[in-house]
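See below for the structure under consideration.
The values are calculated or read from the model by the stated rules, or taken from the named source; none is laboratory data. Here the structure is a predicted model, which means the values were calculated and not measured. Here the Cβ positions follow ideal geometry from the backbone for every residue, glycine too, while neighbour counts run over all protein chains shown.
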Amino acid sequence: MSGTISRWWRQGRQQLARVPLSMARVPDAPSQTLRDPWPGNAARGASILRGQLEIAGGKIGLWPEGFLAHANAPGGGLPLLRAAAHGFAWLRDLRALGTDAARVRARDLVDAWLDAPADGEVGLAEVAGNRLAAWLSHYDFFAATAADAFRQRLMVRLVADARALAAALPTEEMDARAIAALKGVIAAGAALPDHGSLLVRALRVLGQELARQILPDGSHAERSPAQMLAVLADLVEIRQHLATAHIEAPPFLAGAIERLSGALRVLRHGDGGMAIFNATREDGPRPIELVLAQAGRAVRPASVLPDAGFYRLAAGRSLIVVDGGAPAPPRLDRLAHAGTLSFEFSVGRERLIVNCGTALAATQEWRQGLRYTAAHSTLVIADTSSSEVREEGLGRRPVNVEARHEESMGAHWLHLSHDGWKRVFGAVHVRRFYLAESGEDLRGEDTVEADTPQPFVIRFHLHPSVDASLQQDGEAVLLRLPSGSGWRLRADGARISLEPSVYLAAPEPRRCEQVVLTGYVDGPQQVRWAITKVA
């Protein structure tokens, strides 16, 4: 009932905020010129000139004749693509193109949106926040030299949306989307000092959100490296907007940026990209380095994020990143995968064992399938995911996830367990890792603790760059990295096979292989395996 009352109260405030202002209260232009801190992509800008916006491997049409004139085309109905189109962050790509044609196209697309913003995504707080920040950060690019009528119409809409979004705070979304919404209100408050109440309200709510969403170890409550990066980028942008308007940033903002920066470094592989957990993609190191450089000083990186449950085992040139934590709680689990106790393994700048990734711009079937446990490098019982994957989050999930990490003389031991299958099979998964100080010997042990033996497999998804071959005795798989480095995977207590897999964490889907260890139902419910460097 309290949630319903809060929703009614929020909607009432929004309706009041939408009451038309007198033209005297709508400025002719922003008082402060904000700057977008992130570089655009000229190639994507050229695609927008051709009427096509490319986001996360998907495409959607953008046309001055009608903002989403081709919304019924493939991809046009996907929420991610529509939200990206209405968020206008792609203005930076047109700006990067730097031509008069790009400037005119940006203005024409904004004009078309003002004519008919009829899609459901328009009202989403996250989308509105991104749109406000993008319009204000690129105002000098597409609007400063425009006709008076266009600028007046733009400013009326901008002020109205900022007031309505501020009235909706705190938003119904409890995850990273709330930070994006606050970014827009803060951008409006910084650029429009005559509407100072926007800033007061937004900064108060921002403090509350950061206290709730940023965990003590510096990680984000959604447990997604991608969302951690997105939140850090939004906070850096907020800090810059405040500095541009000569407004002192609250201490909690600097603290959150510093802690997030340190936590983010724990989840990077040797190639500089992120570990592929919970809707994260391998987008390369440059976007991460840009955000970290803008963020500035960070707390000293740890090897463990105890509150999020991520473990970084580094020895020699080898790096293991393990998801050893409970899934994100309800209302923070929209992107959560059923990947508890999965891991990734890289050697230097080369990835060896990975998770399959995410495809947020693909069909629902693909989006859901990549969240299943089978798409992760871990154990699966009876083809059933350790968490129940739902469109809006997770249903059944592990309740007790335990982890104990020890390190001595450069070697690592990690003992983990979870009870995600307790309700359905009465089973607990126990997983142990040992990484030698040389980094050239990784050993693992997977055990199914259950009164009744369960059918299970253990999957090791290989990066597409890895060449795998089953050795003649069928008792090992030879893994060859592009550099020529060789590794051998052996197992005791299971049958070894090589099967096809797919990797969707890269810009383009790629075929790959997976090593599958199939347990013996009539044998011990335990498999010991080892991955060792070949001399």
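Summary of computed values
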read-out: Test for residue 433: is it over 25 Å from residue 412 (Cα atoms), buried (at least 20 other Cβ atoms within 10 Å of the Cβ) and touching a Leu at 6+ places or on another chain (Cβ under 7 Å); value: no
read-out: Residue in region 382-402 that is crowded, with 22+ Cβ neighbours inside 10 Å and under 20 Å from residue 517 (Cβ atoms) present; value: yes
read-out: Selection status of residue 341, assigned to a strand (DSSP E or B) and aliphatic (A, V, I, L, M); value: no
read-out: Region 310-324: number of residues that are in a loop (DSSP other than H, G, I, E, B) and surrounded by fewer than 23 Cβ atoms within 10 Å (Cβ to Cβ); value: 2
read-out: Contacts under 6 angstrom Cβ, first residue in region 296-315 being at pLDDT 95 or above, partner acidic (Asp, Glu), 6 or more apart; value: 305/217; 306/217; 307/217; 315/437
read-out: Helices (runs of 4 or more DSSP H) contained entirely in region 178-278, each with at least 3 residues that are in contact with a Phe, Trp or Tyr (Cβ under 9 Å, 6 or more places away or on another chain) and either surrounded by fewer than 22 Cβ atoms within 10 Å (Cβ to Cβ) or assigned by TED's automatic domain parsing to the domain that holds residue 32 (or both); value: 196-213
read-out: Which numbered condition residue 474 misses (of (1) touching a helix residue (DSSP H, G or I) at 6+ places or on another chain (Cβ under 8 Å); (2) surrounded by fewer than 17 Cβ atoms within 10 Å (Cβ to Cβ)); value: (1)
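Table: residues versus (1) in a strand (DSSP E or B); (2) closer than 27 Å to residue 371 by Cα; (3) polar (S, T, N, Q); (4) without any contact (Cβ under 8 Å) to a residue 40 or more places away in the chain.
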| residue | (1), (2), (3), (4) |
| --- | --- |
| 429 | yes, yes, no, no |
| 460 | yes, yes, no, no |
| 484 | no, no, no, yes |
| 508 | no, yes, no, no |
